[in-house]
Amino acid sequence: MAKLYFRYGAMGSSKTANAIMVQYNYQERGQNALMLKPRLDNRDGVRTVGSRSGLSAPCRFVEELDGIDLSVYDCVIVDEAQFLTKAQVQRLVDIVDDMDIPVICYGLRADFMGNLFEGSHWLMAWADTIEEIKTVCWCGRKAIMNARISGGKVVKAGEQIVLGGNESYVALCRKHWARGELAPLEIRRIAAGKEAYLPLLLEADPSREMIEKYLDAGEMYLLLANGQAVSVAVVTTTEDDACELKNLATAPEARGKGYAGKLLRHLFKLLQPRFSRMAVGTSPANVTFYERFGFAREGVIPGFFADNYPEPIIEDGAALKDMIVLSKAL
Ligand SMILES: [Zn+2]
């Protein structure tokens, strides 16, 4: 007998990555698993499910179910199931009961105000199996609430679904959600949506074109202070055992508080198992900063800034020409 599953978890609990893995497991056994998501409105026209981990997979919309021949599928997977309507959950129940096809739904339990979503409400009521996908708050307790962050603050009122807004979401334990307390300091690796941090990256590297050369392949790390992105770093692999710090930037209003140094020290520890050295190319004004963290001068690339940047970069009243290369053993 097929079952209706509801696997719920807070933001960032890898629900989409789980959904993609389940589809992959079906395919590995020579079976078909249909990936679906509800269409939020006409603007949401992308037939892809994407995870923060960077994994993504093609999908169809739940609204298109009438035009899909379900008889060729062994399983139906629904991502973002919190956005389903009651009628759509009923439709999934019918697929399970009338066609004997298992339906596995992934979604959030509650919105940023702590209320059930419509889809989650009916899945909680009707699913055969309800399973939790766990994730943790910055304090280490289980995160069960989803906080909406706007301007660095936890907001508790507004529309349930905001499309195309500047809000971001973070999973918190109930206590920290209720108090609106975000992590004092937190480092996150950003795998998807790196472009959102371009304004911050441009603080350290004024050419968008240059940033785009290393952004995709680079590993991006973000330091957040009370939910605000204050420092960013991008690291690329140069040789088998070496890496290069391509960008290290701090938001203008957050400078002088040691954030870049904290991020850098964390990177030394994080990258040490994979790389023996870290190199950085910088301007004369930043050499002292890097020397303080154990970097030593290795050489100079003459004319680097003059040759590679469309506009002159002015530092201490003069146009930058040469790049100074420093490196450090990890
Ligand atoms: Zn907490």
Using a simple spin-label model with points 7 Å from Cα along the Cα→Cβ vector, what separation in nm is obtained for Glu131 and Glu311? 5.3 nm
Restricting things to alpha carbons, tell me how big segment 73-222 is in terms of Rg and Dmax, in Å. 19.1, 60
Could you work out the local net charge near Pro310, counting Lys and Arg as +1, Asp and Glu as -1, over the other residues with Cβ closer than 14 Å to its Cβ? -3
For the chain, I need the span (max minus min coordinate) of the C-alpha atoms along each principal axis, in Å, sorted largest to smallest. 73, 46, 37
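Dipole size in debye (nearest 20) for the chain around its Cα centre, Lys and Arg Cβ +1, Asp and Glu Cβ -1? Numbers along the way, then the final one.
Details: 39 positive and 42 negative charges, 308 e Å.
Result for the chain is approximately 1480 debye, rounded to the nearest 20.
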So for the chain, taking the charge dipole from beta-carbon charges (+1 Lys/Arg, -1 Asp/Glu), which of Gln272, Cys105, Val93 sits furthest toward the positive end? Gln272
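If you take all C-alpha pairs in segment 171-330, what percent of them are over 25 Å apart? Please list the in-between numbers first.
Details: 4124 of 12720 pairs.
In whole percent, the share of Cα-Cα pairs in segment 171-330 beyond 25 Å is 32.
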What percent do you get for the relative contact order of segment 51-181 when only Cα pairs under 8 Å and 6+ apart count? 19 percent
log10 I(q)/I(0), Debye, Cα-only segment 202-243, no solvent, q = 0.19 Å⁻¹? -0.67
Report, in degrees rounded to the nearest 10, the 0 to 90 angle that the Cα long axis of helix 259-271 makes with the longest principal axis of the chain. 70 degrees
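Find the eigenvalues of the gyration tensor of the Cα atoms of segment 4-134, then list the square roots of 5 times those eigenvalues as equivalent ellipsoid semi-axes, largest first, in whole angstrom. Walk me through the numbers on the way to the answer.
Numbers: eigenvalues 80, 60, 46 Å².
The answer is 20, 17, 15 Å, longest axis first.
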Rg followed by Dmax, in Å, when segment 1-73 is reduced to its Cα trace: 13.1, 38
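Looking only at the chain, where both bridge partners belong to it, what percent of the DSSP beta bridges are antiparallel (to the nearest 5)?
On the way: 45 of 67 bridges.
Roughly 65 percent of the beta bridges in the chain run antiparallel, per DSSP.
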Cα pair distances in segment 262-328, grouped into 5 Å bins until the bin that holds the longest one, percent each: 4, 16, 24, 20, 16, 12, 7, 2, 0
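Restricting to bridges with both residues inside segment 1-147, how much of the DSSP beta-bridge set is antiparallel, in percent to the nearest 5?
Values: 5 of 23 bridges.
Antiparallel: roughly 20 percent of the beta bridges in segment 1-147.
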Inter-part distance where segment 81-127 and segment 193-233 are each reduced to a Cα centre, Å: 37 Å
Taking only the alpha carbons of segment 185-259, what extent do you get along each of the three principal axes, in Å, biggest first? 35, 25, 24
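Count charges around Ser207 for me, please; just the other residues with Cβ under 13 Å from its Cβ, Lys/Arg as +1, Asp/Glu as -1. The partial results should precede the final answer.
Values: positive: Arg208, Lys213, Lys246; negative: Glu203, Asp205, Glu209, Glu212, Asp307, Glu311.
That works out to -3.
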Ser283: net charge of surrounding residues, Cβ under 10 Å, Lys/Arg +1, Asp/Glu -1, itself excluded? -2
Report the relative contact order of the chain, percent, no decimals, based on alpha-carbon pairs under 8 angstrom and at least 6 residues apart. 13 percent
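Readers should treat all values here as calculations from the given coordinates under stated rules, not as data from a laboratory. Everything numeric in this text was worked out from a predicted model, so none of it was measured. Please note: Cβ atoms are built from the backbone with ideal geometry, for glycine as well, and neighbour counts cover all protein chains shown.
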